[in-house]
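Please read the structure below before turning to the comments.
The values are calculated or read from the model by the stated rules, or taken from the named source; none is laboratory data. None of the values given here were measured: they were computed from a predicted structure. Cβ coordinates were reconstructed from backbone atoms using ideal geometry, including for glycine residues, and neighbour counts include every protein chain displayed.
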Amino acid sequence: MKVFNYLLPVIACIFATVSPAAVALGADIPAPANPHAVPNPPLIKIPFAFTGPRMENTPVVYEGRPLLVQNVRPSNVKARDFYLFLQDMRTGDEVGRFGEGFSFVSAFVNGNELNVFATENTDEDWTHDIYRFKTTDLKQWDKAPAIPRKPGEHLFNASVCKDDSGYVMAFESNQPVQWSFRFARSKDMETWEEIEGVNFSDITENTACANPALRYFAPYYYVIYGGWRWAGPGVWYDYTLPETKYVTFVARSKDLASWELSPTRYPMLDPVAGEGINNTDADLFEWEGNTYMFYATGDQQTWGTIRVAMYAGPMKQFLELYFPENVPKIAFDAKQGAYTYPER
């Protein structure tokens, strides 16, 4: 990883004006799906992948160490064989294993405390409640429930950030639409209260709003989430490959209720050759002045792994670049559960 830190700012400068799609010399360039679209910020996909089948993950800096918090959830084993683990990204070593029976992992560092959120899995009834694991030494883990499910509900991914009033969590559910997410607040990360009446769920078109990653840079919340190419906001973007199905969008809001999506020509992440049909389950961190996005590839069924993309600059700047002023944007109303699209 450290080698890439030195080389990729140079690469980013060279390719800053190149679109994600390969353009043949002299070929006709089709009109964008969104006539208001602006170029994407320069996000460079680093040419390597983690070994083995992987999906959800969160990169963090804990006690000065870059760690990748991950889960193991093979399709051919019982839920009791699922687990969570930590990998030191400088050495590649596993430095902690815990949370048997849990998956859909995320993490948040609070001082000397590493907080990991994950969902309990079962063989008979899929997923249950979201729990919080916390440690100050990567050895001893305290476990406590965080978000209980409602009757008949299944919970999946969660993501936590800190704002001016405490902590905010986005957590994914199969209700009222599979896939969608809601929000909760906490003063201490122990007791969580759901924010009633706010639901990032596309009730109108029934499209996916999945695997959220939440960040806050005043005055905006940013949510990075998975969606479908073929419906809803997905039809307003262009794509590198014709076979692409699952991609990553980014939206921002000042109040968690009224959101606007990035008006870039391409989604935040969409597959390139060798990545299958999927670029989802993204999370990100800042390391030595650069922003790294970790995301899942594959087909969401038989194979997939984690790859990394880099923006040569701080995270706040990176996210702000997706939202130029005075450009029409897709809006999402989390109280009504509906997108509104600009005129073409």
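The condition (being under 21 Å from GLY101 (Cα atoms) and among the basic types (Lys, Arg)) is satisfied by just one residue among ARG182, ARG149: ARG149.
Just wondering, is there one or more residues in the stretch 207-228 that are crowded, with 16+ Cβ neighbours inside 10 Å, closer than 21 Å to ASN34 by Cα and of a type in the set (S, T, N, Q)? Within the stretch 207-228, one or more residues are crowded, with 16+ Cβ neighbours inside 10 Å, closer than 21 Å to ASN34 by Cα and of a type in the set (S, T, N, Q). Reported count of residues in the stretch 218-260, each being touching a Gly at 6+ places or on another chain (Cβ under 7 Å) and not in a strand (DSSP E or B), is 2.
Can you pull out the residues in the stretch 110-150 that are in contact with a helix residue (DSSP H, G or I) (Cβ under 8 Å, 6 or more places away or on another chain) and among the hydroxyl-bearing types (Ser, Thr, Tyr)? If the condition is that a residue be in contact with a helix residue (DSSP H, G or I) (Cβ under 8 Å, 6 or more places away or on another chain) and among the hydroxyl-bearing types (Ser, Thr, Tyr), then THR122 is the only one that fits. Listed by position, the strands (runs of 3 or more DSSP E) contained in the stretch 152-217 that have at least 2 residues being touching a residue at least 40 places away in the same chain (Cβ under 8 Å) and over 19 Å from PHE104 (Cα atoms) are 155-163, 193-200, 210-217.
Here is a yes/no grid of residues against (1) among the acidic types (Asp, Glu); (2) at positive phi; (3) not in a strand (DSSP E or B):
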| site | (1), (2), (3) |
| --- | --- |
| VAL60 | no, no, no |
| PRO66 | no, no, no |
| GLY92 | no, yes, yes |
| SER103 | no, no, no |
| PHE108 | no, no, no |
| THR119 | no, no, no |
| ILE130 | no, no, no |
| LYS139 | no, no, yes |
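Please tell me if GLY313 is more than 21 Å from PHE171 (Cα to Cα) and surrounded by 21 or more Cβ atoms within 10 Å (Cβ to Cβ). So GLY313 does not fit the description; no. Residues in the stretch 314-344 that are among the hydroxyl-bearing types (Ser, Thr, Tyr) and within 21 Å of the chain's Cα centre (by Cα): TYR322, TYR339. Out of everything in the stretch 250-282 that is within 17 Å of LYS45 (Cα to Cα) and of a type in the set (Ser, Thr, Tyr), what residue ends up being surrounded by the most Cβ atoms within 10 Å (Cβ to Cβ)? Checked the stretch 250-282; the qualifying residue surrounded by the most Cβ atoms within 10 Å (Cβ to Cβ) is THR280.
Every residue, every condition in (1) at pLDDT below 95; (2) of a type in the set (Gly, Ala, Ser); (3) more than 22 Å from ARG80 (Cβ to Cβ), yes or no:
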{"position": "ALA107", "(1), (2), (3)": "no, yes, yes"}
{"position": "LEU114", "(1), (2), (3)": "no, no, yes"}
{"position": "ASP142", "(1), (2), (3)": "no, no, no"}
{"position": "ARG149", "(1), (2), (3)": "no, no, no"}
{"position": "LYS162", "(1), (2), (3)": "no, no, yes"}
{"position": "SER180", "(1), (2), (3)": "no, yes, yes"}
{"position": "GLU193", "(1), (2), (3)": "no, no, yes"}
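The set of residues in the stretch 135-164 being touching a Leu at 6+ places or on another chain (Cβ under 7 Å), within 19 Å of GLU56 (Cα to Cα) and not β-branched (Val, Ile, Thr) consists of SER159, CYS161. Per the listing THR302, THR291, the residue uniquely in contact with a helix residue (DSSP H, G or I) (Cβ under 8 Å, 6 or more places away or on another chain) and either surrounded by fewer than 23 Cβ atoms within 10 Å (Cβ to Cβ) or within 21 Å of VAL69 (Cα to Cα) (or both) is THR291. Take the conditions (1) under 19 Å from LEU214 (Cβ atoms); (2) surrounded by fewer than 17 Cβ atoms within 10 Å (Cβ to Cβ); (3) in contact (Cβ under 8 Å) with a residue 40 or more places away in the chain; PHE285 misses just one of them, which is (2).
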